[in-house]
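Written below as structure tokens is the structure these notes are about.
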Amino acid sequence: MADLKEHDWANQLASDNNAVVLDVRTLDEVNHGIIPDALHIDIYRGQGFIDEIQQLDKTKNYYVYCKVGGRSGQACALMNQLGFEKAYNLLGGFSNWTGKVSSIKL
């Protein structure tokens, strides 16, 4: 796991052709906006979160975010324990995100 500031996270993501953006916020939080093309899996789903994470391709590079960076850090650590080699936590989370945002209602 690596903690990256927004600028570094976004630049690395932009040049990574093996990237998956993972949003681990709640559905209510996602309804306020989401980073385009992000996959949403709510970390508060407990075992359901783990079950869904285990279905993901472990050869991909995961760029993970939440509201402020705490839950995404936990998600990255958990992903590393489950065999994911590359998980990057967005420090400051969506609250500090200045890039593109999509409106979505799930």
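A short reminder: the numbers here are calculations on the coordinates, not readings from a lab. Quantities reported herein were computed from a predicted structural model and do not represent experimental measurements. Note that we place each Cβ from the backbone using ideal geometry, even for glycine, and neighbour counts take in every protein chain shown.
Remark: pairs (first residue in region 33-59, farther than 14 Å from Ser72 by Cα and free of Cβ contacts under 8 Å to residues at least 12 places away in the same chain; second residue hydroxyl-bearing (Ser, Thr, Tyr) and surrounded by 12 or more Cβ atoms within 10 Å (Cβ to Cβ); Cβ separation under 8 Å; 6+ apart in sequence or on different chains) are absent. Of the numbered criteria (1) surrounded by fewer than 17 Cβ atoms within 10 Å (Cβ to Cβ); (2) of a type in the set (D, E, K, R); (3) within 20 Å of Ile104 (Cβ to Cβ); (4) in contact with a strand residue (DSSP E or B) (Cβ under 8 Å, 6 or more places away or on another chain), the one Arg25 fails is (1). Residue count for region 80-90 under the criterion of being surrounded by 13 or more Cβ atoms within 10 Å (Cβ to Cβ) and either under 11 Å from the mean Cα position of the chain (by Cα) or without any contact (Cβ under 8 Å) to a residue 24 or more places away in the chain (or both): the result is 4.
One residue alone among Val30, Val24, Val68, Val64 is in contact (Cβ under 8 Å) with a residue 12 or more places away in the chain and in contact with a Lys or Arg (Cβ under 7 Å, 6 or more places away or on another chain), and that residue is Val24. Quick check on my filter: what residues within region 38-66 are buried (at least 18 other Cβ atoms within 10 Å of the Cβ) and assigned to a loop (DSSP other than H, G, I, E, B)? Hits for region 38-66 are Ala38, Ile41, Asp42, Cys66.
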